[in-house]
Amino acid sequence: MLDSEMSHLRQSLGREPTETETAIISAEWSEHCSYKSSREHLRILPRDAPYVISDKGLDSGVIDVGGGYVVTAHIESHNHPSAVEPYGGAATGVGGIIRDIMSAGTRPICILDGLRFGDIEADRHAAWLLRGAVRGISDYGNCLGIPTIGGETGFDPSYSKYTLVDVAAVGFGIRERLIHNTAGPGDHIVLLGGPTGYDGVGGAQFASERMDEEDRSAVQIPDPFMEKMVMEAILKLRPYIKALKDLGGGGLACAASETADALGVGIAIDTDAVHTRDNNMTPPQIMASESQERMLAIVDDTGLAHIREVCGRFRVPHSIIGVVNDTGTLTVRHHGTVVAELPASLAAHAPPLRWPSKPPTPGEDHTTIPDQNDYTHTLERMLGGADCASRNWIYSQYDHEVGIRTVSRPGQDASVLRLDNGKYLAVSMCGSPRHCHLNPYHGTMGCFEEACRNVRCAGATPVAMLDHLQFGSPEDPQIFWSFLQSVRALADYSKHTGIPCIGGKVSLYNETDTGPIKPSPVILVLGLADQNFRRRPIRDGDALYIIGVTKNETGGSSYHHHTGTGGGTCPRVDMVSSTSNGVAASSLAGLGTIHDCSRGGLAVAASRMCITSDMGCTIDLDAIPGDVPHPGVALFAESHSRYLVSIPYNHTKEAAHTLGEAGVPHARIGTYGGASIRFEAGATPVCNVMVDKAHNTWSESLERMIHHG
Amino acid sequence: MRVGVVVFPGSNCDRDVHHVLMDTGHEPAYVWHEHAIPDNIEALILPGGFSYGDRLRAGAIASHSPIMRHVRYMAREGMPILGICNGFQILAEGGLLPGVLLHNDTARFTCRWTRIRYGGAKTPFTIPLRNGDAIPIPVANGEGRYHADPDTIRHMEENSQVVFRYTENINGSAGDIAGVCNIDGNVLGLMPHPERAAEYDTNPYDHRPARSIFKSLGDM
């Protein structure tokens, strides 16, 4: 706690805080739990749409998807713990997000994870972190029976000795069965799940500071089987629970004070009643422990009887640790003595911090891709490079089929799940730290647009966004400026498109002794489709179209990274064509196969389509709409709002008509056939890669990097 | 047919199997592992998942669950019993099926689509299938490598107990074995997940062959 915060606490209480009170406030007022640096700035994010359900005390965003059903979603990270102990850190990250989804009374139906590591091609520690994090997610998510259906993985030297493990989850349920979070005097406070132990004491504070040393005791221990039992018990108990809260960062201290504050009640807790791993735990330890697989439920007498019965059946340990009253105070007793008595509103609202912000020296310049006449070698290297190589090694370790909702699997632009109301839910998670580093405003908007593009590729309409904003220390004015730029970009794009922000998370102080991470917003977009648009096999003679304009903006691109080139211009989203191009692309979902054009540019996107269909293609770079000084830019620029569409040869008239009617920039740029991916300019080949060679290097290189470096 | 879906602590595919049974015209009912099997149940499915968190060995603890005594009895009585993934591991651990399931030779959990080929063995779950039929189907397991000593495997082959083989070597299973039955043919264990391949939406290739495994019960 800062000195100023301590004096604010003293002044508010009119006395010295007790040891337990200090522990509660230290957890609750940590950056991780209180958003004290960011909260005020997040207010500009539009949160409303007719289908958004916003109830007090909800741990996840909720949207009505029709037919009496709701979808819930949340995103979080577990960066600090995963950097120290990747297996446990990543596994408990999954556990936490799942409990957020359960606390609304919905069943989790999928997990997505966004992972970032140091330079995997050179950094052995990064490979160790990757193996551990993937195994942690795999062991935990698979055991719960929740499919991990997507996400993204990126590498950059700014994450060396560190890792970002972002986990998102989506839930599905019946609207009438949502837990609405109410409480009245006399209701019981039940703590259910694993016993409270010493693990993770002080975890919230650990996650709110620069990571200077490896504090392994702050990492929680995962028990997915307990989580599974808690989940099944909660879903059975749903009708009898008045309010439900996950115990995450800040443990019981935060769960109790936030619940009391959100519901406008008082909560009295007796620490002697808490089931612990060790009888000698002190009240501050019990309140601040971050032991996993625990939830706080508020029930009346009838509910209590049901809890006893159901928890007994599922062997879920539980204890009745307190009662609800009308004092508005969080009271903690230990051996009959009051050890903490805090107004809940004081505990739940840390005094906001205001940090100065200052734009950094401009990072953008006019650097671009050099003109050359043979890009074959570059494309081959990029297909096998860490940026663009297949992530199959990662997602094949995740059960992405359980739950039998998975319609479109990891490795596609968006993952698609079927819902019980006949609709299909498309989800995509995107980040692009190199773009955000170059220009946090346009970079962040690009992430948002890319996630929307992916959803459009599945023929779905984006309906909701969740943001996870990860930065270094807000005390650095340039970093704080980047943060503000990111939030502004999200707000602007959200306002323009009408896609509301239904949740999110801010993670600051992501830095080690080697410095801060690049600005790393990660955006999750949910979309809905009325139909399951299956991918069509591509055949000889089919046509390749591009929608959207290619521009000479190559800064932060995969090409620059591969060639060690800095600077350049960050791609800009044109908000008007963003929507029209997306709608036009989406309207072709029933006709052909759509693929987003992003990391690695047109060259990599077209290669991916060829690899997947085991079919070559000849592409005329001169036909591409846009401002392209030479073929290198056409191949590798990462301009936004672009889509590649394969159209069966006998449907090209329909496609051309649809695109013409839509009035969006587009062109037929290629024809499938042959055994090579061939790019021509002025009828001269400038890049020519054999499909089988591309397939091998693309599909096998990540595993090689992970194991052999 | 009235099909019992046995639920152990940690079963994950119980709801999926229930859904597909409904979809294929059966009357499924969940049976909790501590309860007796209701009298009107005509067939049983032990679904996949991580019973008891896969502690000790996959299926080891669940094979001692109270319900397993009844399952054993029903197996002897000739009731059709299908164990899928963890259900297969439980049946193997409990000695209802020959062989064991070991860690994959990749030493990793593996989730992917593959194909299995029907070898012609007669079971209540394979009536509509013809010898040599290939079924597109996903696997998702960490301990899915089928192992038995060569004598046992020869014995099984002679008695038509090898029901399905993978069409490729996906995890080091002996003889690429994906599914086996008991000597009477009424108890079948299958590592891949037919319930994940039995509908148009969930199967990107062809859902009809896997669907016939569930429809088969109605053909008896």
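The values are calculated or read from the model by the stated rules, or taken from the named source; none is laboratory data. Computed from a prediction, not measured in an experiment: that's the story for all the values here. Using ideal geometry, Cβ is built from the backbone for each residue, glycine included, and neighbour counts are taken over all protein chains shown.
Take the conditions surrounded by 24 or more Cβ atoms within 10 Å (Cβ to Cβ), touching a strand residue (DSSP E or B) at 6+ places or on another chain (Cβ under 8 Å) and touching a residue at least 24 places away in the same chain (Cβ under 8 Å) and apply them to residue B:58. Does it pass? For residue B:58, the condition - surrounded by 24 or more Cβ atoms within 10 Å (Cβ to Cβ), touching a strand residue (DSSP E or B) at 6+ places or on another chain (Cβ under 8 Å) and touching a residue at least 24 places away in the same chain (Cβ under 8 Å) - is met. Every condition in (1) closer than 19 Å to residue A:246 by Cβ; (2) surrounded by fewer than 23 Cβ atoms within 10 Å (Cβ to Cβ); (3) assigned by TED's automatic domain parsing to the domain that holds residue A:241 holds for residue A:54 except the one numbered (3).
For residue A:197, are the conditions met, namely being farther than 27 Å from residue B:107 by Cα, away from chain B (no Cβ under 14 Å), touching a strand residue (DSSP E or B) at 6+ places or on another chain (Cβ under 9 Å) and modelled with pLDDT under 95?
For residue A:197, the condition - farther than 27 Å from residue B:107 by Cα, away from chain B (no Cβ under 14 Å), touching a strand residue (DSSP E or B) at 6+ places or on another chain (Cβ under 9 Å) and modelled with pLDDT under 95 - is met.
Taken over the stretch B:24-52, the criterion of being part of a loop (DSSP other than H, G, I, E, B), hydrophobic (A, V, I, L, M, F, W, C) and under 27 Å from residue A:142 (Cα atoms) is satisfied by B:50 alone. Residues in the stretch A:453-463 that are buried (at least 24 other Cβ atoms within 10 Å of the Cβ) and either touching a Lys or Arg at 6+ places or on another chain (Cβ under 7 Å) or more than 19 Å from residue A:410 (Cβ to Cβ) (or both): A:462 alone.
Residue-level analysis places residue B:172 outside the set of residues that are in a strand (DSSP E or B) and more than 14 Å from every other protein chain (Cβ to nearest Cβ).
Evaluation of residue B:64 against the conditions (1) of a type outside the set (Ser, Thr, Tyr); (2) without any contact (Cβ under 8 Å) to a residue 60 or more places away in the chain; (3) farther than 18 Å from residue A:315 by Cβ; (4) more than 14 Å from chain A (Cβ to nearest Cβ) shows that the sole unmet condition is (3). Of all residues in the stretch A:118-137, those that are free of Cβ contacts under 8 Å to residues at least 40 places away in the same chain have Cβ atoms under 7 Å from Cβ atoms of residues that are assigned to a loop (DSSP other than H, G, I, E, B) and of a type in the set (Ser, Thr, Tyr), 6 or more apart or on another chain, in A:123/A:160; A:126/A:160. The number of residues in the stretch B:36-55 being out of contact with any strand residue (DSSP E or B) (no Cβ under 9 Å at 6 or more places or on another chain) and either within 26 Å of residue B:123 (Cβ to Cβ) or more than 14 Å from chain A (Cβ to nearest Cβ) (or both) comes to 2. In the set (1) closer than 25 Å to residue A:525 by Cα; (2) outside any helix (DSSP H, G or I), the condition left unmet by residue A:137 is number (2). Flag not set for residue A:299, criterion: in contact with a Lys or Arg (Cβ under 9 Å, 6 or more places away or on another chain), within 14 Å of another protein chain (Cβ to nearest Cβ) and at pLDDT 95 or above. Within the stretch A:133-174, the set of residues being at positive phi, more than 14 Å from chain B (Cβ to nearest Cβ) and surrounded by 24 or more Cβ atoms within 10 Å (Cβ to Cβ) comprises A:151 only. Whenever a residue of the stretch A:385-400 is closer than 22 Å to residue B:49 by Cα, its partners that are in a loop (DSSP other than H, G, I, E, B), lying with C-beta atoms within less than 6 angstrom and at least six residues away or across chains, give the pairs A:397/B:108; A:397/B:109; A:399/A:147; A:400/A:147; A:400/A:409. Please indicate, with yes or no, whether at least one residue in the stretch B:11-20 is buried (at least 21 other Cβ atoms within 10 Å of the Cβ), away from chain A (no Cβ under 11 Å) and touching a residue at least 24 places away in the same chain (Cβ under 8 Å). The answer is no; no qualifying residue exists. Checked against the criterion of being within 20 Å of residue A:234 (Cα to Cα) and among the hydrophobic types (A, V, I, L, M, F, W, C), the candidates A:90, A:104, A:27 yield just one match: A:104.
Restricting the stretch B:184-220 to residues that are touching a His at 6+ places or on another chain (Cβ under 9 Å) and free of Cβ contacts under 8 Å to residues at least 60 places away in the same chain leaves a set whose member that is nearest to the other protein chains (Cβ to nearest Cβ) is B:201. Inside the stretch A:1-47, can you point out the residues that are hydroxyl-bearing (Ser, Thr, Tyr) and either in a loop (DSSP other than H, G, I, E, B) or touching a helix residue (DSSP H, G or I) at 6+ places or on another chain (Cβ under 7 Å) (or both)? If the condition is that a residue be hydroxyl-bearing (Ser, Thr, Tyr) and either in a loop (DSSP other than H, G, I, E, B) or touching a helix residue (DSSP H, G or I) at 6+ places or on another chain (Cβ under 7 Å) (or both), then A:12, A:18, A:20, A:26, A:30, A:34, A:35, A:37, A:38 are the ones that fit. Within the stretch A:291-310, the set of residues being of a type in the set (Lys, Arg) and surrounded by fewer than 17 Cβ atoms within 10 Å (Cβ to Cβ) comprises just one member, A:308. Inspect all residues belonging to the stretch A:312-319 and state whether any of them is more than 13 Å from chain B (Cβ to nearest Cβ) and either of a type in the set (Asp, Glu) or touching a strand residue (DSSP E or B) at 6+ places or on another chain (Cβ under 6 Å) (or both). Scanning the stretch A:312-319, I find at least one residue that is more than 13 Å from chain B (Cβ to nearest Cβ) and either of a type in the set (Asp, Glu) or touching a strand residue (DSSP E or B) at 6+ places or on another chain (Cβ under 6 Å) (or both), so the answer is yes. Scanning the stretch A:165-180 for residues that are touching a Phe, Trp or Tyr at 6+ places or on another chain (Cβ under 8 Å) and either without any contact (Cβ under 8 Å) to a residue 24 or more places away in the chain or of a type in the set (A, V, I, L, M) (or both) turns up just one, A:174.
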